[in-house]
Amino acid sequence: MTTPSLSSLLMVPVNAVMRIIEAPLRRLQKATGIGGMAAFFLAPNMLIFGIFVLLPLVINFVYSMTGGTAFFLSERDFIGGAQYSRLFECQNYLDPMSCQEDAFWTAVGNTFWFVVLQVSLMILTALITALILNRELAARSFWRAVFFFPVLLSPVVVGLIWKWILQRQGLLNFGLYQFGMDPYTWLTDRNWTFAATIGVSLWAHMGFYALIILAGLQAIPKDLYEAAEMDGTKPARVFWRITLPLLAPNLLVVVVLALIKSVQVFDEIYVLTGGGPGTSTLFLTQYIYETGFASALRNPGLAAAASILMGGVLVVLTLIQLGIGRRGESKGKR
Amino acid sequence: MGNVARFILRRRGAHGSGKGWHWTDVFTWVWLIGGLIIMFGPAVWLVFSSLKTPAALAEFPPSILPYVTSQATVEGYDKPLMLYNATMPDGSTRVLAEVRRIGLVAQMVDPNAPGEIVKVNINDRSPVRTMSFATNNYTEPFVHFDFLRYLWNSVFVTVVATLITLVVNSMAAFALSKYEFKGRSLAMLVILATLMVPLSVIMVPLYSIISTLGLFNSLWGVILPTVATPTGVFILRQYMLTIPDELLDAARMDKASEWQIYWRIVLPLTAPALAVLAIFSVVWRWNDFLWPLIVLSRRELYTLQVGLSIYSGELNVQWHFILAMTVVTMIPVVLVFIFLQRFITTGIAGTGLK
């Protein structure tokens with residue numbers, strides 16, 4: 001007698017269902033032909049896509065031209081471009097406080113500086129990590145895993161881990177205390193909190209970008225390096241003349257990818273700082289979320305208008321990325 | 001031993017000449033060891049902290065491991081007294097229980113002979129500490145708060161969303177890789193275009209659609225918008241393209257229906273790609289935060305992520321519970337990391353998608 005394995009036991013109900021639906025599907029195939037079956041296979045995915053991605057995308061534009069606090073479109077008044085002009089109503093564009101929607105411009109400014117600093121530091125550290133992981137190392141997959149570990153953690157977990165470390169009785173102050181320095185309440189200081197948001201998002205995502213750059217490094221033909229070694233080329237020169245130029249397409253994709261993700265920064269920062277102290281770490285996604293849902297004076301139309309502006313930035317970035325990808329592909333084929 | 005050290009410290013140019021350490025070798029090891037501490041340190045600190053009592057958590061400077069100050073019930077005193085190692089004037093040390101403190105002098109008694117009060121300068125005593133794991137940090141949130149419910153909600157969302165993702169995406173990938181039909185490239189373009197539509201751009205109208213469908217405050221409202229992932233269709237389609245069409249034609253000769261071809265031939269052959277997508281999907285859905293935060297407003301429906309963030313944002317944060325629940329939330333992801341990390345890293349390196 002053979003005992004059935006667990007997986008075959010699990011498959012029993014699945015197989016029963018399959019046997020039941022097989023006959024009607026065969027009849028469907030007879031009625032519609034093979035082309036009809038293609039539509040049948042595609043339908044569920046396209047239906048879900050249509051309802052939950054494409055439809056929202058379209059009605060977002062309608063939303064952004066309506067006012068009021070109601071969520072159902074039928075209960076909202078058409079007000080044309082008023083939400084957009086409200087977003088752009090400023091006395092002085094360099095001073096967010098002079099704008100009617102000062103929170104929006106504060107969020108834009110914060111997001112801008114966050115993106116600039118986070119992406120440049122991200123690329124630098126990820127490139128260094130990838131170069132190091134590309135060397136001849138003992139237990140290389142272990143080291144690769146080390147840097148990859150935080151990537152899988154949930155944003156809430158990341159936010160809470162660092163909130164705990166940056167506490168007054170936290171690990172960071174403990175470290176400073178060991179060196180005889182006074183503890184400090186990091187998350188009540190505007191500048192330190194902003195720096196912390198950059199540091200934490202670096203910690204959480206750097207391994208992901210390092211991994212992609214590493215894949216790019218490993219795609220560079222080894223014989224180039226052997227040739228350089230035979231010519232006695234200095235390592236620094238090898239890096240600037242071989243590694244960097246050949247890595248450039250890959251690196252550009254990583255830069256754009258990092259930009260796209262960075263513009264949307266929300267989860268871990270929201271848990272870590274809640275946008276505070278004050279509005280010093282209020283970023284665009286949080287502005288949209290709070291304007292649309294959370295605040296007492298919610299204004300879904302205004303949130304929709306802001307999200308469309310952000311979507312515009314993302315579309316431009318994505319088109320750049322696709323352009324680079326296409327160029328890299330055609331280069332590879334030649 | 002020497003061989004091991006040489007293997008671990010292998011470095012550039014070490015094959016040929018016995019050149020000394022190049023600065024890049026030093027830098028490499030500083031970066032790697034520093035990375036090890038920075039990447040794992042915070043999580044390890046979280047785990048240690050989660051086992052401490054509230055009193056130990058409030059301490060500064062904190063101890064690394066979870067210690068508690070020992071207490072003893074002493075005859076003649078109602079409350080348990082704190083135990084201290086006190087240094088006597090003659091240099092010997094005794095374990096004493098503190099009765100009260102007046103200025104710099106502590107009045108202490110010997111727990112075994114509580115009659116006589118000993119006066120000790122507070123600088124001459126240190127608390128008796130024993131290691132103790134506050135496991136009720138873990139049990140109480142499950143018993144007295146709704147965390148068991150949140151855990152169940154998270155598991156439900158993760159499992160159901162992953163199963164639907166696998167079925168729906170593989171069907172679409174099958175159609176897009178094995179059939180010629182009008183509008184195929186349009187469908188492919190639409191799917192790829194949605195890669196650039198993140199949740200933050202469509203959350204307001206998506207919310208209104210969910211409400212219209214009656215899915216607000218329902219776990220299905222969390223699940224459905226996430227299951228038609230463009231990434232999933234993309235990964236599976238790339239893989240199915242490598243399955244030879246002759247295999248399908250042969251099955252058709254044997255009167256297999258299209259559904260049978262999909263279910264009995266193509267799906268089993270796509271297993272490796274399905275596994276990668278399943279791992280991705282589990283991590284994505286387990287970690288989802290913003291969308292569940294919008295859709296779920298009733299406490300009993302929260303997922304772990306939402307519950308954690310709401311509790312940690314409350315005014316008097318009970319950190320000992322929050323830390324323990326953060327560890328619980330981290331466990332599935334750590335398991336995935338330990339056992340399946342290889343699949344994910346090759347998946348990311350191959351597609352550039354997260």
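Remarks
- Whether the stretch A:89-333 is rounded, prolate or oblate, judged on the alpha carbon gyration tensor where a/c under 1.5 counts as rounded: oblate
- Between the listed residues B:Y67, B:V118, B:T93, the Cα displaced farthest toward the positive end of the dipole of the stretch B:67-131, a dipole computed from Cβ unit charges relative to the Cα centre, is found at B:Y67.
- With neighbours defined as other Cβ atoms within 10 Å of a residue's Cβ, the residues A:M46, B:M203, A:M37, A:M181 order from fewest to most as A:M181, A:M46, A:M37, B:M203.
- Taking a sphere under 15 Å around the Cβ of B:L104 and counting the other residues whose Cβ falls inside, with K and R at +1 and D and E at -1, yields a net charge of +2.
- Listed residue pairs exceeding 29 Å between alpha carbons, taken from B:K182/B:K255; A:K30/B:K182; B:K178/B:K255; A:K222/B:K178; A:K163/B:K79: A:K222/B:K178; A:K163/B:K79
- Projecting the Cα atoms of B:V222, B:V266, B:A55 onto the dipole axis of the protein assembly as shown, where Lys and Arg carry +1 and Asp and Glu carry -1 at the beta carbon, places B:V266 farthest toward the positive end.
- Relative pair counts by distance (%), Cα atoms of the stretch B:137-351, 5 Å bins: 1, 6, 13, 15, 16, 14, 12, 9, 6, 4, 2, 1, 0, 0, 0
- Cβ-defined net charge surrounding A:E101, 11 Å radius [Lys, Arg +1; Asp, Glu -1]: -1
- Couplings for the stretch A:132-142, taken from phi via the Karplus curve 6.51 cos²θ - 1.76 cosθ + 1.60 with θ = phi - 60°, read 5, 5, 7, 7, 6, 10, 6, 6, 5, 5, 5 Hz in order; Gly and Pro are left as x.
- GNM flexibility winner over chain A from A:N92, A:N250, A:N173 (Cα, springs under 10 Å): A:N92
- The charge dipole of the protein assembly as shown, taken about its Cα centre with unit charges on the Cβ of Lys, Arg, Asp and Glu (plus for the first two, minus for the last two), comes to roughly 1900 debye.
- For the protein assembly as shown, convex hull volume per residue from C-alpha positions, Å³: 269
- Each Lys and Arg adds +1 at its Cβ and each Asp and Glu adds -1 at its Cβ; summed about the Cα centre, the stretch B:137-351 shows a dipole of about 220 debye.
- Cα-based shape type of the stretch A:6-63, given that a ≥ b ≥ c are square roots of the gyration tensor eigenvalues and the cut on a/c is 1.5: oblate
- Full-extension gain in nm, B:A250 to B:F156, via 0.36 nm per residue minus C-alpha separation: 29.9 nm
- Each of B:M108, B:A324, B:V204 was placed along the dipole of chain B (beta-carbon charges, centred on the mean Cα), and the one lying farthest toward the positive end is B:V204.
- Taking label positions 7 Å along the Cα-Cβ direction at both A:M11 and A:E136, the computed distance is 4.6 nm, reported to one decimal.
- Summarising the label geometry, the points placed 7 Å from Cα in the beta-carbon direction at A:I20 and B:V26 lie 7.2 nm from one another.
- Net charge of the neighbourhood of A:P183, taken over other residues with C-beta under 14 Å away and scored Lys/Arg +1, Asp/Glu -1, is -2.
- In terms of other Cβ atoms within 10 Å, B:L241, A:L133 run from fewest to most in the order B:L241, A:L133.
- Build a GNM of chain B with springs between Cα atoms under 10 Å apart, and of B:D124, B:D245, B:D78 the one that fluctuates most is B:D78.
- Net charge dipole, the stretch A:89-333: roughly 720 debye, given to the nearest 20, about the Cα centre with Cβ charges of +1 for Lys and Arg and -1 for Asp and Glu.
- Interchain or long-range residues, amide H under 5 Å from B:L81's placed H: B:A72, B:T73, B:V74
- Taking other C-beta atoms within 10 Å as the exposure proxy, B:F337, A:F78 rank A:F78, B:F337 from fewest upward.
- Chain B: DSSP helices with Cα axial extent of at least 20 Å and average Kyte-Doolittle hydropathy no lower than 0.0: B:23-50, B:147-178, B:271-287, B:319-351
Quick note: the coordinates plus some simple rules give every number you see, no bench work behind them. Quick caveat: nothing in here was measured; it's all calculated off a predicted structure. All Cβ positions, even for glycine, are placed from backbone atoms using ideal geometry, and neighbour counts span all protein chains on display.
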